[in-house]
Amino acid sequence: MTNFDIYRLKKAGMSNLLIYQFLTLTADCQEKKPLVCLPAFVRQSNMKHPALFWERFRSLDLKTLRQEFLKFPSFSIQDVVYPEQLREIYNPPVLLFYQGDLSLIHQAKLGFVGSRDCSLQGVASVKKIIGELQNHFVVVSGLARGIDTASHIAALKNGGKTIAVIGTGLDVNYPRENAQLQNYIVERL
């Protein structure tokens, strides 16, 4: 199954968990055309609204969908590059889009999670921790306000590398005030 096929299933409304189940339960179909196995899977699955899924699936404009899909490179849970630790979580994301240096996901990483409404002391602590680590880790955070933003900026100011995990999609800047930071991370790394 291609990454575009996975994207098409998501756009038609299939949940991440059901796509993952489809990928794992239909291994025999992978050598054939996997979407041939889709009707039987949908009938047997616990999908809440299968008729609505089929309506959406059939009505997708494949040309427009492919253009949207090709805006950013992607990798799926089927690809070798997919991080092993991420593969082991419950309901791992089946398809990820990215920008920048993909090799960073295989380096030692340190994640920062904190308040969006953080104190000056929190920001100072993040700067101190990242400075003392001397770029031995790639800093990973969510590009949200507060501690996330502070950790990305501290990593960049110290000459380090950073990964911003963005849940809204790469074409959506949220929060808006981090649009420049997001673009800087992509361009610099």
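The values are calculated or read from the model by the stated rules, or taken from the named source; none is laboratory data. Everything numeric here is computed off the predicted structure, so don't read it as measured data. Methodologically, a virtual Cβ is constructed for each residue, glycine included, from the backbone with ideal geometry; neighbour enumeration extends over all protein chains shown. We work out accessible area using only protein heavy atoms, side chains counted, and drop any ligands, DNA or RNA first. Shrake-Rupley method; radii C 1.70, N 1.55, O 1.52, S 1.80 Å.
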Among the listed residues Gly146, Gly142, Gly111, Gly100, identify the single one that is within 19 Å of the chain's Cα centre (by Cα) and at positive phi.
Gly100
Residues of region 82-101 classified as open to solvent by 40 Å² or more (accessible area, probe 1.4 Å) and either among the aliphatic types (A, V, I, L, M) or in contact with a His (Cβ under 9 Å, 6 or more places away or on another chain) (or both), total
3
Got a number for residues in region 121-149 being hydroxyl-bearing (Ser, Thr, Tyr), surrounded by 21 or more Cβ atoms within 10 Å (Cβ to Cβ) and part of a helix (DSSP H, G or I)?
1
Among Tyr174, Tyr184, the single one that is in a helix (DSSP H, G or I), surrounded by fewer than 19 Cβ atoms within 10 Å (Cβ to Cβ), at pLDDT below 95 and aromatic (Phe, Trp, Tyr) is Tyr184
Anything in region 150-164 that is part of a loop (DSSP other than H, G, I, E, B), on the phi < 0 side of the Ramachandran plot and open to solvent by 10 Å² or more (accessible area, probe 1.4 Å)? List them, or say none.
Asn158, Lys161
Among Leu38, Leu52, Leu60, which is in contact (Cβ under 8 Å) with a residue 40 or more places away in the chain and more than 30 Å from Ser125 (Cβ to Cβ)?
Leu60
Kindly list the number of the only condition in (1) surrounded by 13 or more Cβ atoms within 10 Å (Cβ to Cβ); (2) free of Cβ contacts under 8 Å to residues at least 40 places away in the same chain that fails for Gln44.
(1)
Keeping to region 47-58, report how many residues are more than 25 Å from the chain's Cα centre (by Cα) and either surrounded by 12 or more Cβ atoms within 10 Å (Cβ to Cβ) or closer than 13 Å to Phe22 by Cβ (or both).
4
List the pairs whose first member sits in region 81-107 and is under 14 Å from Gly167 (Cβ atoms) and without any contact (Cβ under 8 Å) to a residue 24 or more places away in the chain, whose second member is outside any helix (DSSP H, G or I) and of a type in the set (S, T, N, Q), and whose Cβ atoms are under 7 Å apart, counting only residues at least 6 apart or on separate chains?
Leu96/Ser74
Taking Ser103 and the conditions (1) of a type in the set (Gly, Ala, Ser); (2) over 22 Å from Asp5 (Cα atoms); (3) at pLDDT 95 or above, which numbered condition does it fall short on, given that it satisfies the others?
(3)
